[in-house]
Amino acid sequence: MNLISNLRVVGFLLLLLGVSHTFFDRYFGWAQELQRVSLLTRQVFYVHTFFIGLAVALTGAGSLLYADTLVHPGTLSRVVLAGLLVFWLCRLLAQFVAYDSAIWRGNRFRTVMHVAFSVLWCYVTATYGIALMKVWN
């Protein structure tokens, strides 16, 4: 599979992930858990979740629909790809630093999800990194 195809696959996966944020509240039971925090904290949490989902979905749409433009050498493609590389590299690192292993150890489903998302973040980071190297002339 070539770089443009990989960028499109990454775009599709990120678009799905961004849209899936719509269902996080119900799946994770946030409504009940967040009743214990202040109204301000609860609303900031929901607003941030919405905008993270929107940003991930828009990033995905851009990568899916404009993969060929992203790999066209130029200042804008270098800046965009560098930003995406830094963002997803930070997300990859957060997978191992920010989340306590007690969350997933001993729970088969959560362990599978931890591994699956670790692989996903590696794939996304590597794809944007390779694309950046291609346009870095």
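Tabulated data for the structure shown
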| item | result |
| --- | --- |
| Trypsin sites (Lys or Arg not before Pro) lying in DSSP loop within the stretch 50-137, provided at most 13 other Cβ fall within 10 Å | Arg105 |
| For the chain, calculated [θ]222 nm from helices alone, where every DSSP H run of n ≥ 4 adds -39500 (n - 2.57) | -26000 deg cm²/dmol |
| Surface accessible to a 1.4 Å probe, Ile130 within the full protein complex, Å² | 90 Å² |
| Degrees, to the nearest 10: 3-20 long Cα axis against longest axis of the chain | 20 degrees |
| With Cα atoms, 0 to 90° folded angle of helix 75-97 axis to the chain main axis | 40 degrees |
| Largest to smallest accessible area among Tyr27, Tyr123 [probe 1.4 Å] | Tyr27, Tyr123 |
| Gain in span if fully extended, Arg91 to Glu33, counting 0.36 nm per residue against the direct Cα distance | 18.5 nm |
| Spin-label pair Tyr99/Phe12, simplified geometry with 7 Å Cα→Cβ offset, distance in nm | 2.4 nm |
| Heavy atoms of Val9 accessible to a 1.4 Å probe, total area in Å² rounded to 10 | 50 Å² |
| Between 0 and 90°, nearest 10: helix 108-135 axis offset from the chain longest Cα axis | 30 degrees |
| Listed residues Ser38, Ser77, Ser63, most fluctuating in the chain (Gaussian network, C-alpha, under 10 Å) | Ser38 |
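The values are calculated or read from the model by the stated rules, or taken from the named source; none is laboratory data. The structure displayed is predicted, hence computed values, not measured ones. Backbone-built Cβ (ideal geometry, glycine too); neighbour counts: all protein chains shown. Note: accessible area is taken over every heavy atom of the protein model, side chains too, but ligands, DNA and RNA are not part of it. Shrake-Rupley method; radii C 1.70, N 1.55, O 1.52, S 1.80 Å.
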